[in-house]
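Okay, structure first, notes after.
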Amino acid sequence: MNAAPVAKRIGLRHQSAGSRRNMPHPVLEVRGITKHFPGVVANRNIDLDLFPGEILAVLGENGAGKSTLMNIIYGLHPPTSGSVRVGGRQLECRSPRDAIAAGIAMVHQHFHLVPTMTVLENIVLGAETTRRGVLDPATAERDVAELCQRFGGQLDINLQAMIDDLPVGMRQRVEIVKALYRRARILVLDEPTAVLTPQETGSLFQIMRGLRHQGTGIIFITHKLKEVLDVADRIAVLRRGAVVGHARPGATTEQAMATMMVGRVPSLTIPKTTVVPGPLMLEVDTLTVHRDDGTTAVDRISFKVHQGEILGLAGVQGNGQTELIGALTGLRPVSSGTVRLNGRDTTHASARRLGREGDTGHIPEDRHTHGMVESFSVAQNLVLNLCNRPPFTRWGLLRLEAIRAHAGRKVADFDIRTTSLKQPLGSLSGGNQQKLVVAREMRDGLQLLIANQPTRGVDVGSVESIHHHIVQQRNAGRAVLLASYDPDEILALADRIAVMFEGRLISLSPAAQVDRNRLGLLMAGIPA
Amino acid sequence: MAALHMATAVLGAALMSAALMAVLGHNPWEAFTGLAKGSLGTERELAVTVRKTAPFVLTGLSVTLALKAGLFNFGTAGQFLMGSVGAVWMGIQFEALPGWLHLPLALAVGIGSGSVWGAIPGWLKASTGSHEVITTIMLNYVAALFAGWTVFAGSSLSMTRPGPLWDATAGPVSASPDVLASARIPWILGPPLGIHWGVALALLTALLVWWLMERTQFGFELKTVGAKPLAARYAGMRCGWTTVLAMTWAGGLAGLAGAIETLGVHYKFAPEFGGGVGFEGIAVALLGQGHPLGIVLAALLFAVLDAGALRMQFDSGVPSDIIQVIQTFILIFAAAPALATWLLNRVSRTQRASAAAAGRRA
């Protein structure tokens, strides 16, 4: 495909962005895509059009087939049937290389950047400018700087910075510039806001609008309804592998979209009964924790959690929450201060003692690194940290009957969608993996539940169910410590709200005294 | 899937070896038939092959078990030697012991010696983070020198004294005395076939290892530590301790291999026994895909190669050293399955093309 006429066409058309009637040539046409995996139909006869200068939101629960569809477009999987056309030409995608050559770029949830290289090096990686076989960084730098400038400040990046030193939002920006540098006409953003702070999300949307103005077609994959209404031109909703509806932001509501997505009317607010907090369960006193590099992550923090209450720990990522939770769960050494759990000193207790003696349940921040083993079965993952206690083991022997029965119960109670208990967990969708971790940690005999980002990267239906279970734990009289980067999640669930900023607790007050606006300011480090 | 992988690796290796033989001017078909005749041709040759399977099964299991815990046990050679020396030490003394006690004790000392030799790198890894590949390889040298010293005949020239297990009646030969009859592994089929119960023991051990991995808490924790140490730590498992135990088991399995070879085949220890065994364990483990049945089959294949090598050389003129090349090809293809698949696809495509061409000509 000759690039010049396309650019011209895009240039002519960006004025009328958003109006479908005046745009007879979609840049991407997906026709009748069906994809079978062994035992599953991931995509069913999907038709989609993407026009230049348009943001198309693809909305769907985890497991609805969004990722599969995008992987087909990107050439990672061949479709069972159907076709993908780019700029009117059939795309014979055998690998991502073909997709990139056709102008399709994808920004994955997990970035593909080399942390020890600079921004510039990462951007040109694989498409380096050379002069007689020797790298020509000066030309590359000029080209990239020019490219960034075209977006009038929205894409400002220090090209010489090391990726390692950049916050998540900046890394994402590098990925986007990388795509533009490869002349992408179609940009696929796979749940780009899952890892971003509200501020970072705001600037991402600015960038997306800028790209739209320049004529790039954007597919925005998400399950966050608010964002869709905010930024999309058109919305396609996927459920169980099929497109179940289209909508336009002006003519729909969150509730309507959620209903389409889930297939029933979900409750977006969680009913909470009033529970009078019981006795003290967790007492943290002037706790100090250091990072691996010796810097102070948690600086003399004190708080208490009572039975039957949810203490919400709000804050932007990187303000010490990870290290605080690590110290409370025995995974990171405490430098000074004390932790008392139900009256006993557990300051230096190991994860083994805390978890295995049945006291503390821990939903880890990142299920992939800590919470699960992808190659293990659903049933095995459900006893990952329980395998040394009855009824799952006796005399050191695993009791497969009990493990299976337990798995069957949890799968039913928490609506984990799997074809069998023997299925490797890695083959389940992200939402179902998370539900499994939540299910495992909400066990009988629990005293304290520590939930760190329990709904990160999880769809509306699963969020609803996870929230429901967390509140149920509280209602059952357990103490819950809920850490979240999402202020809405904290506001929806917490009885009291603590805000962490740069390692310190800058606010601790009953939830009723904190509104959305004030919480946003506190998270930005501005005490009222 | 695993079976397919195994088949492609073996086929790929066979194709490459055949090509190599052809280039060297030999007839690959003659070589392979010679190999088969020499290892499976008669009852007697078949028996040798079966007997040779035992150490391959055990060293293969040793590497596999360590691999499940995320560890590379390159130390099977050293653990094998320590097992041999331990078993011989127990087997050449304690004349008063009855067979039902003497043999199990000799086997146990062999297993124990191998275990200690495996536990050392495990402990070093857990406590200092040293890489087990380096330490196990280094300990192979230590074990080889130590084992050689124990049966060293001494030298009047350099005024060195003989080793503690040296057989004084053997003259200047560096070897241990014969193992007492009470410590020898009895026959399943006596001479001239000569299949001893150690073969059955090795097969039983394969079952035991499978059971350990799939049915015990220890196996579950070991696999978790191997698959994802961070998740194991999160789940409250003791990663360091599991590492030490896994290497102890791995060492014990290789030690048992050494004990079985000395108590069932050689009836003595000499430095030249079991020199090469150990490296093959890695190949057997990779080819066997971590499944006990796969390991037994892979071990059988390696026994075939080992037993049939001389006959192959005799029948076809292909030097028996080529066996090591075949083994290496198997190792490469087992480690890089994509390579084997690619090669086989290519070959079948060329064949189809030439068949089609032949069809057109006709």
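The values are calculated or read from the model by the stated rules, or taken from the named source; none is laboratory data. Remember, it's a predicted structure, so these values are computed and weren't measured experimentally. When we count neighbours, we look across all protein chains shown, and the Cβ atoms used for this are built from the backbone with ideal geometry, even at glycine. Note: accessible area is taken over every heavy atom of the protein model, side chains too, but ligands, DNA and RNA are not part of it. Shrake-Rupley method; radii C 1.70, N 1.55, O 1.52, S 1.80 Å.
Tabulated values for the structure
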quantity	calculated
Test result for A:GLU489, part of a helix (DSSP H, G or I) and open to solvent by 40 Å² or more (accessible area, probe 1.4 Å)	no
Any pair with Cβ under 7 angstrom, 6 or more apart, that starts in segment A:293-321 at a residue that is of a type in the set (Val, Ile, Thr) and ends at one that is outside any loop (DSSP other than H, G, I, E, B) and open to solvent by 50 Å² or more (accessible area, probe 1.4 Å)	A:THR296/A:HIS290; A:ILE301/A:ARG504
Pairs with Cβ under 8 Å, 6+ apart, first in segment A:322-337 and under 18 Å from B:LEU230 (Cβ atoms) and among the β-branched types (Val, Ile, Thr), second open to solvent by 20 Å² or more (accessible area, probe 1.4 Å) and assigned to a loop (DSSP other than H, G, I, E, B)	A:THR322/A:GLU365; A:ILE325/A:GLU365
Subset of segment B:261-280 that is farther than 21 Å from B:GLN327 by Cβ and not in a helix (DSSP H, G or I) - its residue that is nearest to the other protein chains (Cβ to nearest Cβ)	B:PHE269
Selection from segment A:347-388 of residues that are of a type in the set (S, T, N, Q), touching a residue at least 12 places away in the same chain (Cβ under 8 Å) and touching a helix residue (DSSP H, G or I) at 6+ places or on another chain (Cβ under 8 Å)	A:THR360, A:SER375, A:SER377, A:GLN380, A:ASN381, A:ASN385, A:ASN388
Residues being open to solvent by 30 Å² or more (accessible area, probe 1.4 Å) and either of a type in the set (S, T, N, Q) or touching a residue at least 60 places away in the same chain (Cβ under 8 Å) (or both) - total across segment A:156-172	5
One residue from B:GLY240, B:GLY236 being surrounded by fewer than 24 Cβ atoms within 10 Å (Cβ to Cβ), within 14 Å of chain A (Cβ to nearest Cβ) and small (Gly, Ala, Ser)	B:GLY240
Matching option when the condition is within 14 Å of chain A (Cβ to nearest Cβ) and more than 19 Å from B:SER127 (Cα to Cα), among B:LEU208, B:LEU230	B:LEU208
Identity of the residue in segment A:297-322, at pLDDT 90 or above, open to solvent by 30 Å² or more (accessible area, probe 1.4 Å) and not basic (Lys, Arg), that ends up nearest to the chain's Cα centre (by Cα)	A:THR322
Qualifying residue in segment A:401-411 (condition: assigned to a loop (DSSP other than H, G, I, E, B), open to solvent by 10 Å² or more (accessible area, probe 1.4 Å) and outside the structural domain of A:ARG300 (by TED's automatic domain parsing))	no
Residues of segment A:323-354 satisfying the condition of being within 13 Å of chain B (Cβ to nearest Cβ), in a helix (DSSP H, G or I) and open to solvent by 20 Å² or more (accessible area, probe 1.4 Å)	A:ARG352, A:ARG353
Which numbered condition B:GLY258 misses (of (1) of a type outside the set (S, T, N, Q); (2) buried (at least 22 other Cβ atoms within 10 Å of the Cβ); (3) within 11 Å of another protein chain (Cβ to nearest Cβ))	(3)
Of all residues making up segment B:94-134, the number that are under 21 Å from B:GLY258 (Cβ atoms), free of Cβ contacts under 8 Å to residues at least 24 places away in the same chain and of a type outside the set (A, V, I, L, M)	1
Enumerated helices (runs of 4 or more DSSP H) restricted to segment A:27-131, each holding at least 3 residues that are touching a residue at least 12 places away in the same chain (Cβ under 8 Å) and surrounded by 22 or more Cβ atoms within 10 Å (Cβ to Cβ)	A:66-73, A:119-124
Subset of segment A:355-367 [away from every other protein chain (no Cβ under 11 Å) and in contact with an Asp or Glu (Cβ under 6 Å, 6 or more places away or on another chain)]	A:GLY361
Sole residue being charged (D, E, K, R) and without any contact (Cβ under 8 Å) to a residue 60 or more places away in the chain, chosen from B:LYS228, B:LYS268	B:LYS228
Residue match in segment B:29-39 (condition: hydroxyl-bearing (Ser, Thr, Tyr), open to solvent by less than 10 Å² (accessible area, probe 1.4 Å) and touching a Phe, Trp or Tyr at 6+ places or on another chain (Cβ under 8 Å))	no
Matching option when the condition is within 28 Å of B:PRO292 (Cβ to Cβ) and either surrounded by fewer than 17 Cβ atoms within 10 Å (Cβ to Cβ) or of a type outside the set (Phe, Trp, Tyr) (or both), among B:GLY99, B:GLY154, B:GLY86, B:GLY148	B:GLY86
